[in-house]
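The structure under discussion appears below in the form of structure tokens.
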Amino acid sequence: MLRSILIIPFLGSFLFLMAGPGLFDPARAADGQNKDLPVFDTHVHYKEPAWSLYPPDVIIEMMERAGVVKALVSSSPDEGTRMLYRQDPERIIPFLRPYHDEVTSSNWHQQEEIIDYFKKRLEMDIYKGLGEFHIHNPVDADSPVIKKTVKLAVERGLYIHVHSNHRAVEQIFAYEPQVKILWAHAGMSDPPAVVADMFERFENLWVDISIREYEIAPNGILAQEWQKLFLEHSDRITIGSDTWVNGQWDNYEEIIAFDRHWLAQLPPEVAKQIAFDNAKRLFIDDA
């Protein structure tokens, strides 16, 4: 079971990268008013392998061309986030990721020193949240380090950006109901009905839909079950690109254009909520 939990997120990302470019012509998203829809990208990483290929000024230029006016950024290591923030502090909304040196997505929840690392980094008062961090096995949500991380977030008024299935999110809310969670990839493999149920149960839960774009709109057509989720919970959903590898930066403008395309199949007020307004309310207005 654990092995399948570990594999599914990476398989989904691999399929996204392989399938995406051949499915969609970005020019199709440039019709009507939707080309001017502002986007708040709530799932950006600027990891070290991207630094030389895509310097900070190039990243900002790509965002500008794509109409991404705000971006929630967390990086491995955190220096990547700070580089983008220095380049464009008005656009970049920093989150603090635990991964650095030998601390990885697989072992971070076992590293007691992570709490001191968080506290030291938070001395620079720019961060709106902790994460994105992974909980590969739901049982790890109850580990002392993750419990302390959640407590720290609540004490500091920060969000946490969690990559996990719904069981780990349930466990976190069970011991800290006041925590504010941005749930990465809408659970990655959890279906829309499960996401809707989680929204009904937990008022401090929001999602980004990164890496799920081509499931949401196969061949560019918005799937009925996702449309239902978006219409019924339009105030709980945000857009994300997840630039976890350089291939995502290679296709960045196409990813955002594809999001614009399926958003155009929703009522304009719903599309604007999901593309921009929800994230603005959470990470700017709620500051």
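The values are calculated or read from the model by the stated rules, or taken from the named source; none is laboratory data. Treat the numbers as computed from the prediction; the structure is a model and nothing was measured. Cβ atoms come from the backbone with ideal geometry, glycine included; neighbour counts cover every protein chain shown. The protein model used for the area step is the full one, side chains on, heavy atoms only, and it has no ligands, DNA or RNA in it. Shrake-Rupley method; radii C 1.70, N 1.55, O 1.52, S 1.80 Å.
Hey, can you rank 189-197, 146-154 by average C-beta count inside 10 Å, highest first?
Put in order of decreasing packing, that is 146-154, 189-197.
With a 10 Å radius around each residue's Cβ, average the other Cβ atoms per peptide and rank 61-68, 232-239, highest first.
Per-residue Cβ counts within 10 Å, averaged per peptide and sorted highest first, yield 232-239, 61-68.
I'd like the projected area of the range 104-259, averaged over all directions, using the convex hull of its alpha carbons. Report it in nm² with one decimal.
It is 9.7 nm².
Quick one: accessible area per residue over the chain, 1.4 Å probe, rounded to a whole number of Å²?
42 Å²
Probe 1.4 Å, all protein chains in place: accessible area of Thr104 in Å², nearest 10?
60 Å²
In the chain, carbon and sulfur make up what percent of the accessible area (probe 1.4 Å)?
Whole-percent figure for carbon plus sulfur exposure: 53.
If you wrap a convex hull around the Cα atoms of the chain, how much volume per residue is inside, in Å³?
Cα convex hull per residue, to the nearest whole number: 118 Å³.
Using the Cα gyration tensor of the range 235-287, with a ≥ b ≥ c the square roots of its eigenvalues, what is the shape: rounded (a/c below 1.5), prolate (a/b larger than b/c) or oblate (neither)?
Judged from the Cα gyration tensor, the range 235-287 comes out oblate (a/c at least 1.5, b/c at or above a/b).
As a test of reading the structure, rank Trp244, Trp108 by solvent-accessible area (1.4 Å probe, protein chains only), most first.
Ranked list, largest accessible area first: Trp244, Trp108.
If packing is taken as the mean number of other Cβ atoms within 10 Å per residue, what is the order of 113-122, 44-53, highest first?
Highest-to-lowest ranking by the protection proxy: 44-53, 113-122.
Quote the accessible area belonging to Glu200 in square angstrom, nearest 10, computed with a 1.4 Å probe and with ligands, DNA and RNA left uncounted.
We get 140 Å² for Glu200.
Just to be sure I understand the curve: with the Debye formula and one point per C-alpha of the range 30-98, what is log10 I(q)/I(0) at q = 0.22, 0.28 Å⁻¹?
After summing over all Cα pairs, the log10 values are -0.87, -1.29.
Can you give me the orientation-averaged projected area of the convex hull built on the Cα atoms of the range 87-196, in nm²?
Computed as one quarter of the Cα hull surface, the answer is 7.6 nm².
Taking 8 Å as the Cα distance limit and 6 or more residues as the minimum spacing, I'd like the relative contact order of the chain as a percentage.
The value is 22 percent.
Determine the sum of side-chain charges near Phe202: Lys and Arg each +1, Asp and Glu each -1, restricted to other residues whose C-beta is under 12 angstrom from that of Phe202.
The answer is -2.
Let me know the shape class of the range 160-252, please: from the alpha-carbon gyration tensor, a ≥ b ≥ c as square roots of the eigenvalues, rounded when a/c is under 1.5, otherwise prolate if a/b is greater than b/c, or oblate.
oblate
As a test question: what accessible area, to the nearest 10 Å², does Glu254 have when a 1.4 Å probe is rolled over all protein chains in place?
That residue has around 40 Å² of solvent-accessible surface.
Under a straight-distance cross-link criterion of Cα-Cα below 27 Å, which lysines are reachable from Lys180, leaving out those fewer than 8 residues away in the same chain?
Within the straight-line limit of under 27 Å, Lys180 reaches these lysines: Lys47, Lys70, Lys119, Lys120, Lys128, Lys147, Lys148, Lys151, Lys228, Lys272, Lys280.
What relative contact order, as a whole-number percentage, does the range 116-221 give when Cα pairs under 8 Å and 6 or more residues apart are counted?
Here the relative contact order equals 23 percent.
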